[in-house]
Amino acid sequence: RVLSLELNKDRDVERIHGSGINTLDIEPIEGRYMLSGGSDGVIVLYDLENLTRGTSYTCKALCSVGRGHPDVHKFSVETVQWYPHDTGMFTSSSFDKTLKIWDTNTLKSADAFHFKGTVYSHHMSPVATNHCLVAVGTKSPKVQLCDLKSGSFSHILQGHRQEVLAVAWSPRHEYVLATGSADGRVKLWDVRRASGCLTTLDQHNGEKSKASSEAANSAHTGRVNGLCYTNDGLHLLTTGTDDRMRLWNSFTGENTLVNYGKVCNESRKGLKFTISCGCDLEFAFVPYGSTIAVYTVFTGELITMLRGHYTAVNCCVFQPNFQELYSGSRDCNILAWIPALREPIPDDVSEK
């Protein structure tokens, strides 16, 4: 199904955003409701369900936090995320230096955390049962952890030298966090440990002779602006402005040396890419200019380029129940990529 993804002519996503779309998230409980965040600070909530039962339909926007809303973000929304255990709550973070916690039913901000610098990325653990920590990457090299239970800052992870562009919790261990920074480094942390990070990923796997001392212990020779774990949490995929994508063993920290070729990446901020779920093979969907490149995660093969957007794609999100993909772009459009229906096999062939 993933190999036959195509731009669906029968499904539209209602066009609400008047500026570029930076972030999308589909709630993991039913896989039915999607959030989007735009460069103008607007957040929109969509229902992906086909309620008309017709072949062609439009995914309607149920509600939005528009420019006139009292709690709207002042600047670009960079990340939206549903609370992993309940659709009654979602989070958003923005260049206006805030992380906001929203009540979905009233569409009011229930809480807000304020930072000294721009917020590039935040993430809540999909598997945590013992903590309610939101990891936040900002213009500061320090990674901030916010506790939703107490409504206060929990603690700080120190080790990066420049701004933190991407953060991702492990889907396997609730206390393990990966962070990517403009300093070219990716660090893995156990947030219970105060003594520093567990490991810093090294693209040369410790063979320093190949690199200058400066590049030693760096994951990329450019800014690291994207992180995504595989669904089992055993591997971590990273992207950087060195036009490279790398796959790491998340336990040993080893670079698996899968070669994806040149992965064009000119993003000055976080890049939101995703990995398929529920397939035998795992595929990575990576914004690549105005297209989306589809790679096999473990062999690095470029399967196809999904073309349909007019300008740079900023984010994509995968819907595992139906093996669908949604992408958001600077062209203000959200596109739905749906597996093409197979032609029915004639009876006499199927009997054989």
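Observations on the model:
- Note on Rg and Dmax of the Cα atoms in Å: of the candidates (i) 23.2, 80; (ii) 20.0, 69; (iii) 26.9, 101, the value calculated from this structure sits at (ii).
- Karplus-derived HN-Hα couplings along region 62-73 (A = 6.51, B = -1.76, C = 1.60, θ = phi - 60°), whole Hz, x at Gly and Pro: 7, 6, 8, 9, x, 4, x, 6, x, 9, 4, 5
- Once both labels are positioned 7 Å from their Cα atoms along Cα-to-Cβ, the gap between Y175 and K142 label points is 2.2 nm.
- Reachable lysines, given that their alpha-carbon falls under 30 Å from the alpha-carbon of K9 and they are not under 8 places away in the same chain: K60, K272
- Spin-label zone in region 1-26 - amide nitrogen under 19 Å from a point set 7 Å from the Cα of F322 along the C-beta vector: 1-16, 24-26
- Share of carbon and sulfur in the accessible heavy-atom surface of the chain [1.4 Å probe, %]: 49
- Potential lengthening between D86 and L281 on full extension [0.36 nm per residue; Cα-Cα distance subtracted]: 67.3 nm
- For the set K108/K139; K74/K139; K74/K108; K142/K187; K100/K149; K97/K139, the pairs lying more than 19 angstrom apart at their alpha carbons are K108/K139.
- Dipole magnitude of region 2-339, debye to nearest 20 (Cβ charges: Lys/Arg +1, Asp/Glu -1, about Cα centre): 880
- Segment D243-L62, length gained on full extension (0.36 nm per residue, minus Cα span): 61.4 nm
- Taken along the Cα-to-beta-carbon direction at a fixed 7 Å, the label points for I156 and K74 span 2.2 nm.
- Exposure rank, largest accessible area first [H114, H123, H160; 1.4 Å]: H114, H123, H160
- Based on protein heavy atoms only, the chain ends up with 45 Å² per residue of surface accessible to a 1.4 Å probe.
- Considering helices alone, the calculated mean residue ellipticity of the chain at 222 nm is -500 deg cm²/dmol, with DSSP H runs of length four and up weighted by -39500 (n - 2.57) and normalised per residue.
- The string of couplings for region 18-35 from the Karplus curve (6.51, -1.76, 1.60, θ = phi - 60°) is x, 8, x, 9, 9, 8, 9, 8, 10, 5, x, 7, 9, x, 10, 10, 10, 9 Hz, one whole number per residue in order, with x for Gly and Pro.
- Within straight-line cross-link reach of K262, aspartates and glutamates at Cα separation under 14 Å, skipping those fewer than 8 residues along the same chain: D242, D243, E301
- With each label modelled as a point 7 angstrom along the Cα→C-beta vector, the R193-D12 pair spans 5.3 nm.
- Burial order of peptide ranges 324-335, 147-158 (average beta-carbon count within 10 Å, highest first): 324-335, 147-158
- FRET efficiency estimate (nearest 0.05) - Cβ-Cβ, N259 to A110, R0 45 angstrom: 0.45
- In sequence order, region 144-153 has phi-based couplings of 9, 10, 10, 9, 5, 5, 8, x, 10, 5 Hz under the Karplus curve 6.51 cos²θ - 1.76 cosθ + 1.60, θ = phi - 60°, and Gly or Pro positions carry x.
The values are calculated or read from the model by the stated rules, or taken from the named source; none is laboratory data. No experiment lies behind these values; they were computed from the predicted model shown. Here the Cβ is made from the backbone with ideal geometry for all residues, glycine too, and neighbour counts use every protein chain on show. Heads up: the accessible areas ignore ligands, DNA and RNA and are worked out on the full protein's heavy atoms, side chains in. Shrake-Rupley method; radii C 1.70, N 1.55, O 1.52, S 1.80 Å.
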